[in-house]
Amino acid sequence: MRTTAVVLIASAAFAAPADARIVCKGEFQVVNGSHISTPYCRDNYLARVAREYGVKVSDAAVRENPNLKREVCRFVGRDTRVFENCLDQNSGRGGR
């Protein structure tokens, strides 16, 4: 009985909180059922479009490396799906 109580208390202490990961749908983040444009999801979407063009790039690499994002935008930035995401990169104003 005592062992069961200890196991239950220990498992409750280590129980994972609700799934707190960011959920993206295209370039929008889903927050409480609403779709909000966020840099995180826009960068993930840019990486996904770039992979469709054959660029070997991860979501995290695009998010964390402004120079890589600039290069990806040069390559795929005219695609209408990511054109607005790359406007700052294409105009030379990005990252300054």
(request) Please list, ordered by first then second residue, the pairs with beta carbon atoms under 6 Å, 6 or more apart or interchain, first in segment 43-59 and polar (S, T, N, Q), second outside any loop (DSSP other than H, G, I, E, B). (result) Asn44/Cys24; Asn44/Asp59
(request) Go through (1) in contact with a Gly (Cβ under 7 Å, 6 or more places away or on another chain); (2) at pLDDT 95 or above and name the single condition Asn65 misses. (result) (1)
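The values are calculated or read from the model by the stated rules, or taken from the named source; none is laboratory data. Note that the coordinates shown come from a computational prediction; the quantities given were computed from them, not determined experimentally. We place every Cβ from the backbone using ideal geometry, glycine too, and count neighbours over all the protein chains shown.
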